[in-house]
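The values are calculated or read from the model by the stated rules, or taken from the named source; none is laboratory data. This is a predicted model, so every value here is computed, not measured. With ideal geometry, Cβ positions are generated from the backbone for all residues, glycine too; neighbour counts draw on all protein chains shown. Protein only, heavy atoms only, side chains kept; ligands, DNA and RNA dropped before computing areas. Shrake-Rupley method; radii C 1.70, N 1.55, O 1.52, S 1.80 Å.
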Amino acid sequence: MPELPEVEAARSAIAEHCIGKKILRSIIADDSKVINGVSRSHFEAALLNKTIVAAHRKGKNMWLQLDCPPFPTFQFGMAGAVYIKGVAVTKYKRSAVSDNDEWPSKYSKFFIELNDGLEMSFTDKRRFATVRLLDDPASAPPISALGPDALLEPMTEGEFNKSLSKKKIAIKPLLLDQSFISGIGNWVADEVLYQARIHPSQNASSLSKDESDRLLKSITEVIQHAVEVDADSQQFPSDWLFHYRWGKKPGKVDGKKIDFITVRGRTSAYVPELQKLSGVQATEAPAKPRKRASKKDTDDHNDDGDDTNGDVREEETEDTKSKQTKTSKSGKQPARRKKSTKSNDNDDDDDDVDGGGGGGGEDDGDGGDDKTTGTRGGKVIAKRKLIGTNESQDANKSKKTRGGGKKDTAEPKSRKSNDSDASDDDGNENGDQKAGAKKPQKETRKKAK
């Protein structure tokens, strides 16, 4: 997800190359999921012959000020990005449109051509972004609901410490709450907590003044440096957690092991040796490190397949869809598919927190536990139904069988098959084998007669 440094890099590029120029042509995507509250034709007409006066940002939101309202406003979501043809704009890496690239991209939601021939596009491959047309973006949601900007409106040490003392939630989700401080996303939160040596699950209200001051200092330094280098991660200090936290793979920073836990539904990278729980929480059972799975090999990043960084939400969504497809092929209960779909919807909602209250909203449901529970529940239901069916079949067959000894032999075979962890297909195969095994018995009885 683009965070404050990436959005600021986009704003800065627009300010440098587009201000003072008139919009001669515009193309707005016919996508009501991204283009919010205005028709395509009305949006395009509102931009025509307008001059770009300024580019503004608050938190992870940006808007263009034209010579008269309304103004286009961009909420970047998970994969929103600004491209200016011929200009390298940072999106976790330096990216410029080449002559061989499709232009505008098929993922373009907002495209304008300026009077000097320069062209700019806002793209969103995953469709979690929101583009609006507002008369006064700063006074309307979601921007009006944002807390102080982490770069432009930093708190004093006293203000920050006082604010933390009132928050009885874990520090990680609090930092992600855009109504508390705007602009901090998952990688920035992990970085500042690592540099301040604070555990992601530590209650905000329990932080000492020294810890509070260290955290505020880390927020300021990390964001300022990232902005100074236009969010070019190759220029981040080599000892930053940023370089080692992606993909939830085993790794070390400065020789110390990195672990992953889930805090309020959000995957969090931290260094246990340096970031320890304190106070009452230190005596409680520590959170178990999150299991690393090869299927989910990316975390909180853009959607480019060639990028070394990744976005776990996209992988979780795709992984869940894959599980649903496998479920339908294997003939398991439709109820499982329904539950998994609900988990997908939660994941989609969780991905974007730009609208304030983001700490809990962004991270309220990782969806992993629900999917696991649903899968197990589905297996139990399928197993019970299979047991009931086979027992009924065995009971009917036993009535036709002469002698109690043969009846006793059939039942244990059925139970043994059902108690195994085999799939439904295996269960059917076992059933066919048992049916085939009883045919010779009938033939033997006929010969005996």
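The figures follow:
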quantity	calculated
Relative contact order computed over the stretch 162-238 (Cα-Cα under 8 Å; 6+ residues apart), in percent	31
Cα shape, the stretch 1-118, gyration tensor, a/c 1.5 rule	rounded
Protein-only accessible surface order, largest first, of Cys68, Cys18 at 1.4 Å	Cys68, Cys18
Rel. contact order, % - alpha carbon contacts under 8 angstrom, at least six apart, the stretch 242-286	24
Prolate/oblate/rounded call for the stretch 100-140, Cα gyration tensor, a/c under 1.5 rounded	oblate
Trypsin sites (Lys or Arg not before Pro) restricted to the stretch 168-215 and DSSP loop, no more than 11 other C-beta within 10 Å	Lys168
Built amide H within the under 5 Å cut-off of Phe71, gap 5+	Leu134, Asp135
Taking all pairs of distinct alpha-carbon atoms in the stretch 49-156, Kirkwood radius in angstrom	15.0
Cβ-Cβ FRET estimate between Arg197 and Ser39, R0 fixed at 60 Å, reported to 0.05	0.70
19 Å reach of a label modelled at Glu119, 7 Å along Cα-to-Cβ, counting backbone N of the stretch 1-36	14, 17-19, 21-30
Gained length - Val87 relative to Ser165, 0.36 nm times residue gap less alpha-carbon distance	23.6 nm
The stretch 18-58: relative contact order in percent, alpha carbon pairs under 8 Å with at least 6 residues between	60
Sites matching GluC sites (Glu not before Pro) across the stretch 39-147 that sit in DSSP coil, with at most 10 neighbouring C-beta atoms within 10 Å	Glu102
Calculated FRET value between Val229 and Ile19, using beta carbons and R₀ = 25 Å, to 0.05	0.65
For the stretch 1-47 versus the stretch 48-71, the gap between their alpha-carbon centres in whole angstrom	8
Shape of the stretch 141-190, Cα gyration tensor, a/c cut at 1.5	rounded
